[in-house]
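Please read the structure below before turning to the comments.
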Amino acid sequence: MRKKVVLFALLAIAVAVALVGCGSSKKSSKSTSFVFASSADPVLLDPALVSDGESLRITNQIFQSLVGFKPGGSEVVPQLATSWKPSANALSWTFTLKTGVKFSDGTPFNAAAVCFNYDRWFNFPAALQNPAVSYYWNTVFVGFAHPASGGAGPDKSLYKSCTANGDSEVTLNLTRRSSSFISAIGLPNFGIASPTALKKYKADAGTVDSTGVFHPTGTFATRNPVGTGPYMLQSWEPAVKLVLVANPNYSGPKPAISKVVYRAIADNAARLQALQSGEVQGIDYVAPQDYSTVTKDSKLQLLKRPVSSIGYIGLNQAKPPMDKLLVRQAMAHAIDKAAVIKAIYGQTGEVANQFLPPSLFGYAKSGVPDYAYDPAQSKALLKQAGLTLPVTIDFWYPTDVSRSYMPDPQRIFQAFQSTLNNSGFKVVPHSAPWRPDYLGGTQSGKYQVYMLGWIADYYDPQDFLNVHFGSKTPLFGFDNPKLFAMLAKADAEPDPALRTADYQQASIEVMKFLPMVPYAWGSSALALNKNVLGYVPGPIGPVNEPWAALHYAK
Amino acid sequence: MSIAELEGADVQRDAPSGLWREAWSRLRRNPVAIIGFCLVVFFALVALLAPWIAPFGPNQDVGFSQCSTSGCPGPSIHHWLGIDLNGRDELSRIIFGARFSLLIGFVSALSGLSIGLVLGSIAGYAGGLIDTIVMRCMDVMLAIPGLLLAIGIVAMLGTGLWQIMVAVGVTNVPIFARLLRGSVLVQREQDFVLAARAVGVRRRAILFSHILPNAISPVIVQGTLAMATAIIDVAGLGFLGLGPQDPATPEWGTMLTQVNEYLQSAPWLAIAPGVAIVLSVLGFNLIGDGLREALDPKLRGRV
C-alpha cells in the first residue's frame, strides 16, 4: 500500500513537472521560435550541389554570397562584399569584403576563403560536374578545370581565376564579358562556406546515382554546413524536421527569432490544416483553391509573390512535324489560354503572350505576334503545312508535382487535350513521374510535345532566354544561329538601356520562331499567422526570403 | 399406366427438375437477389445504351469557360450532376464510365475464372505432383494481397486498359483455382464417378462431362462476387493513379481521384462516381449471395 502511495506521489510530481515544462516551453515558443512548413524536404544543405527551391530556402539562411538581392526584388545589394567594380575591359571584378565576419564555427571569413570556395567549384571532381548536381556552376560558369570526358573545360569556362589581395579584397577573373555575372553570383548557390569545415567534413566525397542525386560520404552537406549567415543548422532528421538556431558569430543584427523549425508536409490540404490548427506558424505554396479560405480566416495572412515563372508547352523540333513553323503556329492557335488561367490558376496566374514575365526588363510591350484561340485557323494552318487531319501528337504531362507555373498538371493537360482535339490534332496522352523520369525525358529530348516551365533563379532575362534558346539543346531540338547570336549579343551588352532593347527584340523573335507555346505566368503564395511580421515575398521565391527579418507582433 | 408413373409425372409438373431450374425458382423468391439482379441489369443497360441515353459526350466541353478556381457550376436542370473540373457533363461521364468499369470488371473476372478453372480442375483431378506444383504456385500468389499484386503487375506492364484487365484477372486466378480444386476433389470420390470409371469412360470425358458440371456451382457464386471485387480493384487502381493512360477516360476510380483536392468545393463530383461504384458492387454482391443460397445443396428441395 505504501509503495502505491509513493508511486502515486511520484507520478503526480512527474505530471506537475511536465505541465510546468509545457507551459514554459509554450511561452518561449511564442516569443522566439517559428515553425514553417513547405511541400518537400531539402535534398542537401550544400548550396553548390543542389538546385531545388527547398534546399536553397534553407541554405540561404545559413550561407551568404558575395552579393545578395534586395528582399522582395531583384536588385543586387552588398552582402559579404561591401562594394565591387569591374576593370576597364570588364574581365576582372574586384570585391571589397566586409571585415570582422566569422563563420559559425568561429573561423574567420576573408579573401582566401572566397578563393577557396570558387576554386573548389571550378575544380569539382568528375562526378560533381554532372549538370544535375552542380547545375548552377554549369549554367553560369559552364566549364571546369579538369573536365570529365566530354565535359566543358577551362577554355569554355566563364571563370578564369581568383586572386586574394590581402584579407579584405578579392578579384574574380573572367574569360569573357558577361553582364549577368553579378546577378548570377548573388544566387545562394554561390554561398561562401567555411574552408575548414569543407575540408574537415569532406564536402566533395561521395557518389552520384543515375538520377543525378549526390550521396555524400562526408557530413558537410547533411550535418555540418558552416557559413556566415544569420542561422546555423542544429539538427536535421529527414522527413521529420530541420532545426535552425541563431548563429552566435553572425556579424549582422541578431535575428528576433532564435529558432526556426522547418517541416515538409507534401499534401496541400494537410499543410493548410497544420497552419489553421496552430501546429505551424507559416506555410508555403497555398493551393489556388485555398486562397479564399486563407483570406477569410481572421488569424491568417496571405502573402502573394509577384509573377515570376513561365508555364509553356514545349515543342521538340527534332520530332517531326514540329520542325514545321506552320504546325507550331497551329499548336499556338489551338490553346485556350484564358479559360485555363481562369479555371485552374485563378489569382495565381496571368495569360502569357511571351516567355519573359512582364515585371522583368526585356519584356516586349508591343510587337509580339498574337496567337488567339482559333480552332479553324489551326486546322487551316495544318492543311497549309500539307498534313492530313487529324495530326497525331505525343503529348506528355508530369504526375506527382505542383509548380507555381503548373498547379495541377493533369487538369491543365486535359484542358489542352480537349481544345487540341477540336483543332485538327489527335492527342496521344503520356505521363511520367516528375522526378527523375519526366525531367530526364524532357532534357534528353525524348518527348515530342510536353508541359514544362521555368522559375527565375536570378531576375535577369539571361536566366530565361539564354538558358533556353541561347544554344542548341535536346529540349527544343532546333538550330537557329540567328537567334543564338542575338541572345549572346544581348547578354554581353554592358549598357542597360541597349541590353533591354536587345532582349525586347529577342523576346519578339522567340515568339515568331515559336520553339514553345507560352501560356501562363505563374506566381505562388504563402500563408502566415497574422502576428508574424517582416516576411517579404520576392519574385524568385524561397531562394531569397530571409527568415532573419521575421518577428512577432507585440 | 402404373400408379408410380402417374405420380412421377405429377412431381415433374409441380416441382422444377434439375439443379438449375430449382435454383432459379428459389432465386426468384428471394427479394434481395432480385434487387441485386435489377441493379446489375440497370448498370448493364446503362453501359450498353450509353451513347443514346447520355445527354452529352463523355469528353464534350459543355462549360469549361464557366469554371474558376473555386470550382465549376454544380448540379442544375441541364447538368443533373453538375460539370466536372474540365467542363464536362458529370452525368454523361458516369454513364460512359459504366462501360469501362463493367467491361474491365467482366473481362478480368472472366479471364481469372477461366484460367483458375483450368488450373484448379487439372490440379484436383490429376492430383499428385501436378497438384502440388500448381497449388503451391497459387499459394504464393494468394500470399500477396490482391490489390498489391495488381499494382505490381500494372507497374510492370505500364498503365492502360488491357494491363488493368490482366492485373485484376491474375489476382482472381488463385481464388478460382483453389475453389475448383476443392470442389473437384469432393466430386472425384462420388459414386457416379466411380461408376463412370468402372464402365471405362475416358478420363477427360469424366472430368468434363461428369465432374465439372457438378463442381461448377460454387464457381458461379464466386464469379459474381469476383465481378464485384474486380470493379472495386479497377476503381482502386484508378484512384492510385494507375488507371487508363488517358486521364480523360471516364473511369469511375480515375474520376474519384481527380477530384480529391476539390472535395470541399465540389463534393458531388466525388459522390457521384462513389455512389456508382457502390451500387454496381452491391448489385453483384446481392446476386452472388442469392445464388449461393439458391445453389446450396443443403437447402435443395426446400422451396
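The values are calculated or read from the model by the stated rules, or taken from the named source; none is laboratory data. Just so it is clear, the structure is predicted and the values come from calculations on it, not from any experiment. Using ideal geometry, Cβ is built from the backbone for each residue, glycine included, and neighbour counts are taken over all protein chains shown.
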**OP:** Out of the residues in segment B:239-255 that are touching a Leu at 6+ places or on another chain (Cβ under 7 Å) and more than 13 Å from every other protein chain (Cβ to nearest Cβ), state the one that is surrounded by the fewest Cβ atoms within 10 Å (Cβ to Cβ).
**Re:** B:239
**OP:** Go through the residues of segment B:171-188 one by one and say whether even a single one is of a type outside the set (A, V, I, L, M, F, W, C), surrounded by fewer than 21 Cβ atoms within 10 Å (Cβ to Cβ) and under 16 Å from the mean Cα position of the chain (by Cα).
**Re:** no
Original post:
List, please: which pairs have Cβ atoms under 8 Å, are six or more places apart or on different chains, and start with a residue in segment B:51-77 that is farther than 24 Å from residue B:99 by Cα and facing chain A (nearest Cβ under 7 Å) and end with one that is assigned to a loop (DSSP other than H, G, I, E, B) and at pLDDT below 85?
Top reply: B:64/B:72; B:70/B:265
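Listed here are the residues, each with its yes/no results for (1) under 20 Å from the mean Cα position of the chain (by Cα); (2) modelled with pLDDT of 85 or more; (3) not polar (S, T, N, Q); (4) not in a helix (DSSP H, G or I).
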| residue | (1), (2), (3), (4) |
| --- | --- |
| B:21 | no, no, yes, no |
| B:24 | yes, no, yes, no |
| B:76 | no, yes, no, yes |
| B:81 | no, yes, yes, yes |
| B:96 | yes, yes, yes, no |
| B:101 | yes, yes, no, no |
Original post:
Does residue B:274 fit the bill of being small (Gly, Ala, Ser) and closer than 11 Å to residue B:101 by Cβ?
Top reply: no
Original post:
Filter segment A:276-290 for residues that are farther than 9 Å from residue A:527 by Cβ and surrounded by 19 or more Cβ atoms within 10 Å (Cβ to Cβ); which is farthest from the other protein chains (Cβ to nearest Cβ)?
Top reply: A:281
Original post:
Taking segment A:111-143 on its own, how many of its residues are touching a strand residue (DSSP E or B) at 6+ places or on another chain (Cβ under 7 Å) and more than 26 Å from residue A:436 (Cβ to Cβ)?
Top reply: 9
Original post:
Just one of A:100, A:68, A:72 is in contact with a helix residue (DSSP H, G or I) (Cβ under 9 Å, 6 or more places away or on another chain), in the same structural domain as residue A:186 (by TED's automatic domain parsing) and at positive phi; which is it?
Top reply: A:72
Original post:
Scanning segment A:417-441 for residues that are at pLDDT 90 or above and more than 10 Å from chain B (Cβ to nearest Cβ), which turns out surrounded by the most Cβ atoms within 10 Å (Cβ to Cβ)?
Top reply: A:425
Subject >> Filter result for residue A:301 (assigned to a strand (DSSP E or B) and at pLDDT 90 or above) >> reply: yes
**OP:** Pull up segment A:348-384, narrow it to residues that are within 26 Å of residue A:462 (Cβ to Cβ) and either part of a helix (DSSP H, G or I) or among the polar types (S, T, N, Q) (or both), then point me to the one that is nearest to the other protein chains (Cβ to nearest Cβ).
**Re:** A:348
**OP:** Evaluate segment A:476-489: report whether one residue or more is assigned by TED's automatic domain parsing to the domain that holds residue A:507, within 27 Å of residue A:209 (Cα to Cα), assigned to a loop (DSSP other than H, G, I, E, B) and touching a residue at least 24 places away in the same chain (Cβ under 8 Å).
**Re:** yes
Subject >> Among the candidates A:266, A:256, A:239, A:270, residue that is within 14 Å of another protein chain (Cβ to nearest Cβ), in a loop (DSSP other than H, G, I, E, B) and aliphatic (A, V, I, L, M) >> reply: A:266
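Yes/no matrix, rows are residues, columns are (1) aromatic (Phe, Trp, Tyr); (2) at pLDDT 90 or above; (3) buried (at least 23 other Cβ atoms within 10 Å of the Cβ):
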{"residue": "A:475", "(1), (2), (3)": "no, yes, no"}
{"residue": "A:481", "(1), (2), (3)": "no, yes, no"}
{"residue": "A:502", "(1), (2), (3)": "no, yes, no"}
{"residue": "A:505", "(1), (2), (3)": "no, yes, no"}
{"residue": "A:512", "(1), (2), (3)": "no, yes, no"}
{"residue": "A:519", "(1), (2), (3)": "yes, yes, yes"}
{"residue": "A:532", "(1), (2), (3)": "no, yes, no"}
{"residue": "A:544", "(1), (2), (3)": "no, no, yes"}
Subject >> Evaluation of residue A:392 against (1) surrounded by fewer than 22 Cβ atoms within 10 Å (Cβ to Cβ); (2) touching a residue at least 40 places away in the same chain (Cβ under 8 Å); (3) within 30 Å of residue B:84 (Cα to Cα) (one fails), failing number >> reply: (2)
Original post:
Cβ-Cβ below 6 Å, separation at least six or inter-chain, first residue in segment B:236-255 and in contact (Cβ under 8 Å) with a residue 40 or more places away in the chain, second hydroxyl-bearing (Ser, Thr, Tyr) and surrounded by fewer than 22 Cβ atoms within 10 Å (Cβ to Cβ): which pairs?
Top reply: B:242/B:159; B:245/B:159
Original post:
Looking at residue A:85, is it surrounded by 16 or more Cβ atoms within 10 Å (Cβ to Cβ) and either without any contact (Cβ under 8 Å) to a residue 24 or more places away in the chain or touching a Pro at 6+ places or on another chain (Cβ under 7 Å) (or both)?
Top reply: no
Original post:
Taking the stated definitions as given, is residue A:157 of a type in the set (S, T, N, Q), under 25 Å from residue A:233 (Cβ atoms) and not assigned by TED's automatic domain parsing to the domain that holds residue A:493?
Top reply: no
**OP:** Could you please tell me which pairs satisfy a Cβ distance under 7 Å, a separation of 6+ or placement on different chains, a first residue in segment A:405-416 that is within 7 Å of chain B (Cβ to nearest Cβ), and a second residue that is part of a loop (DSSP other than H, G, I, E, B)?
**Re:** A:410/B:247; A:411/B:85; A:411/B:86; A:413/B:247; A:414/B:86; A:414/B:247; A:414/B:248; A:415/B:86
Subject >> Matching option when the condition is part of a strand (DSSP E or B), touching a residue at least 24 places away in the same chain (Cβ under 8 Å) and not hydroxyl-bearing (Ser, Thr, Tyr), among A:286, A:307, A:261, A:280 >> reply: A:261
Original post:
How many of the residues making up segment A:291-304 are away from chain B (no Cβ under 14 Å) and touching a helix residue (DSSP H, G or I) at 6+ places or on another chain (Cβ under 6 Å)?
Top reply: 1
Original post:
Applying the selection to segment B:256-278, what residues are more than 9 Å from chain A (Cβ to nearest Cβ) and touching a residue at least 40 places away in the same chain (Cβ under 8 Å)?
Top reply: B:259, B:266, B:268, B:269, B:272, B:273, B:276, B:277
Subject >> Candidate set: segment A:333-347, residues that are under 27 Å from the mean Cα position of the chain (by Cα), within 8 Å of chain B (Cβ to nearest Cβ) and touching a residue at least 12 places away in the same chain (Cβ under 8 Å); chosen: the one surrounded by the fewest Cβ atoms within 10 Å (Cβ to Cβ) >> reply: A:347
